[in-house]
Amino acid sequence: MLTGRQPQAQLPGQRFIDPEVLTRIDNLELIARGVVDGFISGLHRSPMLGMSVDFAEHRAYMSGDDVRRIDWRLFARTDRLYVKEFEADTNANLHLLLDVSRSMDYGSGVVTKLEYAKFLAASLAYLSRRQRDRIGLITFDSEIIETIPPSIKHFNTVLHALDRVCAGGAGNYHEPLAKIALNLRRRSVVVLISDLYDTPERLLSAIGQLRHRGNDLIVFHLLDPLELSLELGDVSSVEDLESGVNLPIAAAQYRDSYRQLIRDHQAELERRLGANQIDYIFADISQPLDNILFRYLSDRERQNRTR
Amino acid sequence: MGLSWINPLYLSGLLLLALPVLIHLVQKQHSQGARFPSLMFLKQIPQREKRRLEIRHWLLLALRCLLLLLIILAFARPFFNTPSGAVGLKPERQDSIIVLDRSYSMRIADHWQQALDKALQLVNRKQARDRIGIILIDDETEIISDLTTRAADLRVVLRNQTPGFKATRLPLAIEQAARLLAGSNASRKQIYVVSDFQASAVSAVARITEDIEVTALPVEVTRAANASITSVDIEASSRAASEEFSLSVEIMNRATIPLEQEVSLRLDGRELSRRKLRLAPRSTMTETFDRLSVSDDLLRGIVSLADDALILDNQHFFVYSSKQQVPLLIVEATAPRANQSVFLHNALGLSRNPSFRVERMAITTLKPEDLKSWAVIIMNDVSMPTGVLADALADFVAAGGGLLFATGTAAQQSWPTALLPGIPGSGIEARRANAFNMTDFESDHPLSTNLGVRNTIDLSLARVFKYRELQPGADDRVVARYNDGGAALLERQIGLGRVLLLTTTLDTHWNDIVLQPAFLPFLHQSLRYLTAFETYPNQSAVGSITDVMRYARALAGADAIVATRAKGPLIVESPEAGEIRISRQSPLLTLAQPGFYQVHHTTPPGVEITLAANVDPHEANQEMLDVTQFVEEIRTSADSAATGKTLNRRQAAEYEQQQRLAYAILLVVLALTLIEALSANWIGIRQSMRTRGAS
């Protein structure tokens, strides 16, 4: 389980890339390589015509690489095999939109939703890096807090930014997402990670703005187990993390109604987003992260077949 | 076998069972809130009536209630009543003694009513099983009700009481009450002291056993203006023609303000004097009434003040009687020597205690029937009485009369051995050069004892030139001897009277005894011994016990023989209680109240003794003692404490057995406490985990 161990901290952001998680993701990658567009290099269709030839970097030769890409000159100097990588190899932008509103700073277990979102974002970024995608990050609550434009070189920057992220104020979707939509100049894969505390209508209205120019939208809906069950124990009142409003409750009596409302909310979101070609992935943050990625990639594969 | 309780009052603690329930509810109300990401969905849930006071953790609540219940039961100390009573417990019962002060100071204002009310309150407040006894106290204690559970009887007894005439002695009363409680097996023993707690009431610390509690219930003392007659001194003076006396009356103002008072003197019901006085605050003054003549044999006098807050100390009763002068006859020879009785007569005239009414008579004129008029007869060197006179003298002595016989030259005839002590010897011993000395006085004789060592030595310096030699008979006692061993003073007891015989003269004819300083005390003491004289009390204290026959001789005077020969009971007329009869064998009269007590002989009538009783003036002092300190000072005496410890040891084993059920309950309580602590801890940990998760 993702939450079962503390990530190592030798490098900034390394703790988000749990080796155990990534080992399993490696296995998934072999399966997903041919089906996930934009995630697995060489298999997904580029959303843009034409390719860049800008040299990006060298990397060690790996089995399966095209031998034509080996830099023989470098081999002559170093007696080691390196392949050249170019910007043109990356044919997709990955925008990670991370909701850092105060409500994300909640967790009944070891990790909060925000920390879980960071792990998820880092994992996706790592996957995208392997696919030579350009990686960008935007954090927001009721407004945009930090923006890292997509670039193949911004992987570490994104990890640094994720490491710095902390919970902000009250959340709002419409205005920050509208601004983000205006700044999306190229067709991109847009991943929104949030707890989606708003009505389905308003959420769809906000997220729908990102749908133009053929952006591929993926929404991760993160919730804590207590948010699903309302097993609050002996508490007689609850305080809204964002507004500070105190509400007296009788948790035991509210539980069934609350659970039904949550279920309805999830179902409505899934229905409405699905109807708008937006992938909706629900994540219980007590569940392992790779399970979610696996589910997501499975969904992508299924959707790819149908397209 | 039924279940009973040693301390059933503790069962009222069962009300505390509501406590755990309240605590559970309060804890519920005070439970912490939790933070939650969003209230979006919670707000959509319709608001319903919240059962905020819902009780949770029923098992824990039940456990706590059970714990409290068992603790209360253990404190109430249950035990099983066995039919045999072998395990019978000392019941939860209180035995109390109400010590009610009835001294005459309680007559001030409403002090007595207050005291009665307090006592009745104690009776009304008692539980059905409690026992109460009542002791009335003044300078002695009277148990008017032994320990009883009957409240109605106690109330009746209390309502029938009235304050007395005596002073208070608290320590004795408390010790008496403690003795009454000593036999009680009640779990609580209490002494309630209802009094005005005058400082004069405590002269020592009462000592009681440690298991008895003492509670003081003082009445609210009303400070009233009060003047008292604290003493009346009577000074007699003898004049040639009549008897006179003077009175010194000491009057004390106990108030803090000056008082205008009026003092009056009544003798035999007739007011002789009335004077106005001004008494300074807290001061004493003496008023004197001089030259009061005695016209009757017995005079009854009352000194009075005007009424104030306390009436009893405003009157002082006294009696004065001329019969206190002992009638004495000196019998001389028909032709006495010159100045034969001068020394004797002068010495008798100087006596005050008693004073003597002296007459002289020649032996030839003395008739047997005249003897009864005298208490003492001194035969000063006369011829020996013979015949009828000798018999009459013997009867006189046997009836209680006294006879002093001084031998000399005239006493030459045959010796009346039936009357006079001694057996005549060879004749008259005479020395001229070296006189005899009366050196050897019998040390344990009343004469010698009362004279004292100094007087004895002085008398031994007297020189005796001649004395009649006498050998003591079988019934005779030699009181004094000369230095040659000859008898100087012999004594014989005849009936109720005595005869003293001096073997030399009572003038300077044969000796110089009459010239010695010791002659006066010797003569007075000898006559006092012969008359069995007792100083007649002019005034007595209320509460004193008087042997009325003791004063019969002193007061009856010439009727002494009649008084002692009288028969039948004595009749006493008391000031208020009327006529009382007391037996002659035990003629003790208790002077219960102030006033005059007249004692009569039934047969023959006419002999009367009057005693005057007065209240103790100290009781009129209203200065209060420190009640708290008084109670604290009542310490357990060492002996009593030891007795208590012995009793405790004796009951310990039995008591231990009685406590077994309580001990068992306490063990269960201990186990349940452990379970409760573990349960509460576990629940607390679980709750804190939930709450932390929710936060």
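The values are calculated or read from the model by the stated rules, or taken from the named source; none is laboratory data. Everything numeric in this text was worked out from a predicted model, so none of it was measured. Don't worry about glycine lacking a Cβ; one is built from the backbone with ideal geometry, like all the others, and counts go over all protein chains shown.
Tabulated values for the structure
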read-out: Answer from B:ASP507, B:ASP484, B:ASP475, B:ASP512 - the residue that is over 41 Å from the mean Cα position of the chain (by Cα) and closer than 19 Å to B:HIS445 by Cβ; value: B:ASP475
read-out: Any hit, the stretch B:225-244, residues being without any contact (Cβ under 8 Å) to a residue 60 or more places away in the chain and of a type in the set (Lys, Arg); value: yes
read-out: Number of the exception - B:LEU100 against (1) at pLDDT 90 or above; (2) part of a helix (DSSP H, G or I); value: (2)
read-out: Boolean, B:GLU287 is farther than 30 Å from B:GLU608 by Cα, crowded, with 19+ Cβ neighbours inside 10 Å and at pLDDT 85 or above; value: no
read-out: Single residue of the stretch B:171-186 satisfying the filter (touching a residue at least 24 places away in the same chain (Cβ under 8 Å) and out of contact with any strand residue (DSSP E or B) (no Cβ under 7 Å at 6 or more places or on another chain)) that is nearest to B:SER103 (Cα to Cα); value: B:PRO171
read-out: The listed residue being more than 9 Å from every other protein chain (Cβ to nearest Cβ) and exposed (fewer than 14 other Cβ atoms within 10 Å of the Cβ), out of A:GLN209, A:GLN266, A:GLN277; value: A:GLN277
read-out: Where A:GLY244 falls short, out of the listed (1) facing another protein chain (nearest Cβ under 7 Å); (2) exposed (fewer than 15 other Cβ atoms within 10 Å of the Cβ); (3) under 25 Å from A:SER142 (Cβ atoms); value: (1)
read-out: Hey, B:SER695 in contact with a strand residue (DSSP E or B) (Cβ under 6 Å, 6 or more places away or on another chain), modelled with pLDDT under 65 and under 30 Å from A:LEU241 (Cα atoms) or not; value: yes
read-out: Verdict on A:ARG255 being basic (Lys, Arg), more than 9 Å from every other protein chain (Cβ to nearest Cβ), surrounded by fewer than 16 Cβ atoms within 10 Å (Cβ to Cβ) and farther than 18 Å from A:ASN172 by Cα; value: no
read-out: Helices (runs of 4 or more DSSP H) enclosed by the stretch A:94-198 - at least 1 residues per element that are under 30 Å from B:PHE41 (Cα atoms) and touching a Leu at 6+ places or on another chain (Cβ under 6 Å); value: A:113-130, A:174-183
read-out: Residue, modelled with the lowest pLDDT, within the stretch B:322-357, restricted to residues that are of a type in the set (S, T, N, Q) and either closer than 20 Å to B:ASN511 by Cα or assigned to a strand (DSSP E or B) (or both); value: B:GLN325
read-out: The stretch A:58-93, residues that are outside any loop (DSSP other than H, G, I, E, B) and of a type in the set (Lys, Arg); value: A:ARG59, A:ARG68, A:ARG69, A:ARG73, A:ARG77, A:LYS84
read-out: Test: residue in the stretch A:184-194 that is crowded, with 18+ Cβ neighbours inside 10 Å, within 13 Å of another protein chain (Cβ to nearest Cβ) and at pLDDT 90 or above; value: yes
read-out: Among residues of the stretch B:557-583, those that are modelled with pLDDT under 60 and over 15 Å from B:LEU371 (Cβ atoms), counted; value: 2
read-out: Some residue of the stretch B:370-388 being out of contact with any Gly (no Cβ under 9 Å at 6 or more places or on another chain) and within 30 Å of B:ARG266 (Cβ to Cβ); value: no
read-out: Residue within the stretch B:44-53 that is assigned to a helix (DSSP H, G or I), farther than 30 Å from A:THR199 by Cβ and modelled with pLDDT under 80 present; value: no
read-out: Some residue of the stretch A:228-238 being within 14 Å of another protein chain (Cβ to nearest Cβ), in a helix (DSSP H, G or I) and free of Cβ contacts under 8 Å to residues at least 40 places away in the same chain; value: yes
read-out: Lone qualifier among B:LEU279, B:LEU344 - being in contact (Cβ under 8 Å) with a residue 12 or more places away in the chain, surrounded by 13 or more Cβ atoms within 10 Å (Cβ to Cβ), of a type in the set (A, V, I, L, M) and closer than 21 Å to B:VAL232 by Cα; value: B:LEU279
read-out: Test: residue in the stretch A:136-148 that is within 14 Å of chain B (Cβ to nearest Cβ), surrounded by 24 or more Cβ atoms within 10 Å (Cβ to Cβ) and among the aromatic types (Phe, Trp, Tyr); value: no
read-out: Qualifying residue in the stretch B:305-319 (condition: free of Cβ contacts under 8 Å to residues at least 60 places away in the same chain and part of a strand (DSSP E or B)); value: no
read-out: Residue that is closer than 15 Å to B:GLU332 by Cα and surrounded by 14 or more Cβ atoms within 10 Å (Cβ to Cβ), where the choices are B:PHE356, B:PHE405; value: B:PHE405
read-out: Hits in the stretch B:27-43 (condition: within 7 Å of chain A (Cβ to nearest Cβ), at pLDDT below 80 and outside any loop (DSSP other than H, G, I, E, B)); value: none
read-out: Selection status of B:LEU63, at pLDDT 80 or above and either not small (Gly, Ala, Ser) or not assigned by TED's automatic domain parsing to the domain that holds B:THR673 (or both); value: yes
read-out: Flag if A:ALA283 is more than 9 Å from every other protein chain (Cβ to nearest Cβ), crowded, with 19+ Cβ neighbours inside 10 Å, under 20 Å from the mean Cα position of the chain (by Cα) and more than 19 Å from A:LEU94 (Cβ to Cβ); value: no
read-out: Selected residue [among the polar types (S, T, N, Q) and out of contact with any Ser or Thr (no Cβ under 8 Å at 6 or more places or on another chain)] from A:SER188, A:SER142; value: A:SER188
read-out: Selected residue (only one of B:VAL542, B:VAL548, B:VAL499 is surrounded by 23 or more Cβ atoms within 10 Å (Cβ to Cβ) and at pLDDT below 90); value: B:VAL542
read-out: B:ASP395 being modelled with pLDDT of 85 or more, farther than 20 Å from B:LEU328 by Cβ and surrounded by fewer than 19 Cβ atoms within 10 Å (Cβ to Cβ); value: no
